[in-house]
Amino acid sequence: MSFSQKIKEEILVLSARHCCVCHKSKGVKLEVHHIIPKQQGGLDIIENAICLCFDCHADAGHYFAGHPKGIKFSPNELLKHKEAWFKIVREHKILPAIKSITGNISKLNYKLKMQQKVFKELIDHEFVRKQELGYFIYNTSHMFISLKVIIRSVDDVMYPRFYPEDYTGITGWFKVMIYNTYHNGIELWLDPGQGRKAIIDKNGYWELLEDRFDARLQSSEYVGLDTKMIGQIPYNNIIAIEARGDEYASEPHIYCKFANDGQPYENIYYKSFGSPENYIPDMELDVEKMTVFG
Ligand SMILES: [Zn+2]
C-alpha cells in the first residue's frame, strides 16, 4: 500500500506544491514521501507523509538509523521540516503554480534579449540617425541593414538548395522583404510587388480580390486598394541571427522555430499601400471587417 489519493492531495495543498525541505516551488516535480520508511514500519497516514522534490527525496530515501552516514535526512528532521514549512505556507499564504510565472519570466527575458539583438544587428542606426527629428520613416523597410532577409527553419535540411518548383506548402528557407518591427517581433512583407487588390466600402468593410481586374473595382460603391500581406514572427520564435549572411546569400539569415502550425508567424494581416511621397503611411486593414461582399 501507499498513500491514498486523498492524503497525497492534502499534503500537496498544505505544502502549496513546494518541497518541504528546500522550499523550492516544483509544480509537478514532487513526490509524497514516507517520513518513516515503510520497511521500518512507517504507516500510510497523513502524519507520516511529506512532500519532497526529487533531489531532496534522493537525500532522504535511504536513511537507516543503523548507518547514519553522510547527510541523509532522518525521520525526525523531516518531520520538523514539514511542520515548519506548513506553518510558513499558512502564515504567508504561499501559493502553488509559481512554475508558470517563472516560465513566463524566462520567456520574457528571452524575448527582450532577442529584441535587443534584432535592434543591434539588423537596424541601420546610421540611416535612422540621419532622418530628421520627428520625421516618420514611411518606408519602414529602409531602416534595416538589408531590405531582404533569409528566413530559415532550424529544422531545414535543404539550404542552400532550392525547393522543387512543384513543392507546395511553406519551404524551410526563403528570401523575403523585411517590413518593420512590432512590439513582439519582426514583420515581413510576404507578397512584395503588386500584392493583392482589395475593395473597401464606406463603412470600412473590405474584401481581398482573387482577380486584379475584378469588375467591382470600377464600381462607385467601393474604393480599390493595393494591399500588403504582413507576417509577424515573434522574437520567441527567433533562435539566431547571422547578420552578414554566408557565401550563398549575403542577406541576413534569421533562424526561426516554425512553431505555429509549421510556420514561423504568430499572425498574418493586411495593410493598404501608403504613399511615402505624400507622407501617407501604410494603413492596417481591420481584420474584423474583412468580408466577402454578396
Ligand atoms: Zn527539495
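Within the stretch 243-265, the residues that satisfy the criterion of being surrounded by 12 or more Cβ atoms within 10 Å (Cβ to Cβ) and acidic (Asp, Glu) are Asp246, Glu251. Among the residues of the stretch 152-171, those identified as of a type outside the set (Val, Ile, Thr) and in contact (Cβ under 8 Å) with a residue 60 or more places away in the chain are Arg152, Ser153, Asp155, Tyr159, Pro160, Gly169.
Could you tell me whether Leu78 is within 14 Å of the ligand (Cβ to nearest atom), modelled with pLDDT of 85 or more and either on the phi > 0 side of the Ramachandran plot or aliphatic (A, V, I, L, M) (or both)? Yes.
Would you confirm whether any residue within the stretch 265-285 is among the basic types (Lys, Arg) and touching a Ser or Thr at 6+ places or on another chain (Cβ under 7 Å)? Yes: the stretch 265-285 contains one or more residues that are among the basic types (Lys, Arg) and touching a Ser or Thr at 6+ places or on another chain (Cβ under 7 Å). Looking at Leu112, Leu188, Leu147 in this structure, which one is within 27 Å of the chain's Cα centre (by Cα) and within 30 Å of Arg216 (Cβ to Cβ)? Going through Leu112, Leu188, Leu147 in turn, just one is within 27 Å of the chain's Cα centre (by Cα) and within 30 Å of Arg216 (Cβ to Cβ): Leu188.
Condition (residue is under 18 Å from Lys175 (Cβ atoms) and either among the polar types (S, T, N, Q) or free of Cβ contacts under 8 Å to residues at least 60 places away in the same chain (or both)) applied to the stretch 210-228: is it met by at least one residue?
First, pick out the residues of the stretch 210-228 that are under 18 Å from Lys175 (Cβ atoms): 228.
Then drop every residue that is not either among the polar types (S, T, N, Q) or free of Cβ contacts under 8 Å to residues at least 60 places away in the same chain (or both), which leaves 228.
Taking every residue of the stretch 210-228 in turn, at least one turns out to be under 18 Å from Lys175 (Cβ atoms) and either among the polar types (S, T, N, Q) or free of Cβ contacts under 8 Å to residues at least 60 places away in the same chain (or both).
Pick from the stretch 1-24 the residues that are more than 13 Å from the ligand (Cβ to nearest atom) and in a loop (DSSP other than H, G, I, E, B): which of them is farthest from Arg90 (Cα to Cα)? Across the stretch 1-24, the extreme among qualifying residues is Met1.
Looking only at residues in the stretch 25-37 that are more than 14 Å from the ligand (Cβ to nearest atom) and touching a Leu at 6+ places or on another chain (Cβ under 8 Å), the one that is nearest to Glu77 (Cα to Cα) is Ile35. Taken as a whole, the structure places Asp156 among residues that are modelled with pLDDT of 90 or more, more than 16 Å from the ligand (Cβ to nearest atom) and either in a loop (DSSP other than H, G, I, E, B) or surrounded by 12 or more Cβ atoms within 10 Å (Cβ to Cβ) (or both).
The values are calculated or read from the model by the stated rules, or taken from the named source; none is laboratory data. Treat the numbers as computed from the prediction; the structure is a model and nothing was measured. Reconstructed Cβ throughout: ideal geometry from the backbone, glycine too, with neighbour counts over all protein chains shown.
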